[in-house]
Amino acid sequence: MSRNPVYVFNAGDLERHQNTLRFTTAEGRRFVPVETTSEIHVFGEITLNSKLLNFLSRSHIPLHVYNYYGYWSGSYMPREQYVSGHMTLAQASHYLDHEKRMVLARTFVRGALANMERVLKYYGGRGAGEAVSGAVAEVSRRKAVVGDLEAAPSTTEELMALEGGSRELYYGCWDAILKGEDFAFEKRTRRPPANRINALVSFGNSLMYVTALSEIHRTHLDPRIGFLHTTNRRRYTLNLDVAEIFKPIIVDRVIFSLVNRGALKAKDFQGGDEAGGVFLTEKGRKTFLEAYETRLRETVQHPKLGRAVSYRRLVRLELYKLEKHLLGDEPYEPYVSRW
């Protein structure tokens, strides 16, 4: 039986009822079997108790909470199901050894740049060629620099600066890809997002971080030890590393599709300068989430497995490859889209 995420938007009570989850709202009650639930995403105001949390923990179901604007606030992660001391020590030793850490950090950035390059080439062949050609060449050059041990940045700070600069080049091409006067990008702004496209990027990236976190929970890896992102007061960093690879081919493709198909309109956003930023309405979030989940369920032919796998499964497979690298079985190579 397949498991799927459950999204909660209405205010109400979330509780255990025998061996099911019960949602009680003003509209009535809804029962969801735990056997079909992979994780719970809460966007509404809900009440819960320790009985529910214990039940979720035993059922290995993460609960993710989002704030008023739809951005991830935090998660209740069940007790680690598969984490082993051996793998945690391997992660820690790779993090503490500068050269080993840089090998992985460079690989994450190389994968992110390669997928940005793929996205630009894809849309370059669909009418945006002249506008994106210069960025394609520069992102490709930077990808080569990251892959050159002698020329590559020697610290994670320098590496993230290179990645950040590359992403600005990449974002600079978006206005040539996006259609509609209501969806000009101009430049990346985060806290708060200054316009509709920035709101979509922030919301989509937040979802990608949570997706990666949920998949890490189903492996032997410890989400608290990343390599590109410094392990500090943030609780989780490995999910940020892994998300870098998939944001261009999952989040960004969802944004382009929704905007260019006209599935999202200006009325699906709220706020502005006077409100301290622009954010999706509840209807807009639901539209995005539906497209995001559809994208995660889409399948592609895996080059090594020789069979079709979903994008969500690709995230898990990426983590399995990382495990093999940490144990010395096989060097980690990031997933790069083939289109």
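Computed quantities for the displayed model
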item	result
So VAL139, is it of a type outside the set (D, E, K, R), assigned by TED's automatic domain parsing to the domain that holds LEU169 and within 16 Å of LYS179 (Cα to Cα)	no
Residue match in region 132-148 (condition: touching a residue at least 40 places away in the same chain (Cβ under 8 Å) and closer than 17 Å to ARG167 by Cβ)	yes
Test: residue in region 258-272 that is at positive phi and either crowded, with 20+ Cβ neighbours inside 10 Å or assigned to a strand (DSSP E or B) (or both)	yes
Residue match in region 192-213 (condition: without any contact (Cβ under 8 Å) to a residue 24 or more places away in the chain and under 19 Å from the mean Cα position of the chain (by Cα))	no
Which listed residue is over 27 Å from the mean Cα position of the chain (by Cα) and aromatic (Phe, Trp, Tyr), from PHE31, PHE55, PHE9	PHE31
Tabulated pairs, region 104-123, first small (Gly, Ala, Ser), second not in a helix (DSSP H, G or I), C-beta under 6 angstrom, 6+ apart or interchain	ALA105/PHE227; ALA105/LEU228; GLY111/PRO334; ALA114/VAL336
Selected residue [crowded, with 21+ Cβ neighbours inside 10 Å and at pLDDT below 95] from VAL242, VAL278	VAL278
Single condition ARG118 does not satisfy, out of (1) buried (at least 16 other Cβ atoms within 10 Å of the Cβ); (2) under 17 Å from LEU322 (Cα atoms)	(2)
Any chance ASP241 is more than 29 Å from ARG316 (Cβ to Cβ) and not aliphatic (A, V, I, L, M)	no
LEU89 being in contact with a helix residue (DSSP H, G or I) (Cβ under 8 Å, 6 or more places away or on another chain) and either closer than 30 Å to PHE269 by Cβ or in the same structural domain as LYS283 (by TED's automatic domain parsing) (or both)	no
Region 35-50: number of residues that are surrounded by fewer than 17 Cβ atoms within 10 Å (Cβ to Cβ), under 23 Å from ARG218 (Cα atoms) and not polar (S, T, N, Q)	1
Of residues in region 281-314 being over 20 Å from PRO5 (Cβ atoms) and among the small types (Gly, Ala, Ser), the one surrounded by the fewest Cβ atoms within 10 Å (Cβ to Cβ)	GLY306
Test: residue in region 18-35 that is of a type in the set (Phe, Trp, Tyr) and farther than 23 Å from GLY204 by Cβ	yes
Residues located in region 229-239, provided they are under 18 Å from THR155 (Cα atoms) and either at pLDDT 95 or above or of a type in the set (S, T, N, Q) (or both)	THR230, THR231, ASN232, THR237, LEU238
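Residue by residue, here is whether (1) assigned to a loop (DSSP other than H, G, I, E, B); (2) in contact (Cβ under 8 Å) with a residue 60 or more places away in the chain; (3) in the same structural domain as GLU215 (by TED's automatic domain parsing); (4) under 21 Å from the mean Cα position of the chain (by Cα) holds:
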| residue | (1), (2), (3), (4) |
| --- | --- |
| VAL278 | no, yes, yes, yes |
| LYS286 | no, yes, yes, yes |
| GLU293 | no, yes, yes, yes |
| GLY306 | yes, no, yes, no |
| ARG313 | no, no, yes, yes |
| LEU317 | no, no, yes, yes |
| LEU322 | no, yes, yes, yes |
| TRP339 | yes, yes, no, yes |
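Matching residues to (1) within 17 Å of VAL242 (Cα to Cα); (2) among the basic types (Lys, Arg); (3) more than 24 Å from the chain's Cα centre (by Cα):
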site	(1), (2), (3)
VAL103	yes, no, no
VAL109	yes, no, no
ASN115	yes, no, no
LEU120	no, no, no
GLY127	no, no, yes
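The values are calculated or read from the model by the stated rules, or taken from the named source; none is laboratory data. Computed from a prediction, not measured in an experiment: that's the story for all the values here. Note that we place each Cβ from the backbone using ideal geometry, even for glycine, and neighbour counts take in every protein chain shown.
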